[in-house]
Amino acid sequence: MEPREIKEEWIGHQLRKVYNKALSEPVPDRLLDLLKKLKNEDPDAR
């Protein structure tokens, strides 16, 4: 494997680790509250 390919593979692995960690984190309460407010908002009020 060429050095460029090794670097690309390493970068890809690191990006997958960060992405998977972000997926496993809970959604912040503030965001959940905002989504609830938007869901309950009167559509005619927009």
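We did not get these values from a lab; they are worked out from the coordinates using the rules stated. Note that the structure is predicted; figures quoted are calculated from it, not measured. Glycine gets a Cβ as well: all are built from the backbone with ideal geometry, and neighbour counts include every protein chain shown.
Tabulated data
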{"quantity": "Cleavage-rule hits (GluC sites (Glu not before Pro)) in the chain: DSSP loop, at most 16 neighbouring Cβ within 10 angstrom", "calculated": "41"}
{"quantity": "Net charge of neighbours whose Cβ lies under 14 Å from the Cβ of residue 33, counting Lys and Arg as +1 and Asp and Glu as -1", "calculated": "+2"}
{"quantity": "Acute angle (nearest 10 degrees) that the helix 3-24 long axis makes with the longest principal axis of the chain, alpha-carbon atoms", "calculated": "30 degrees"}
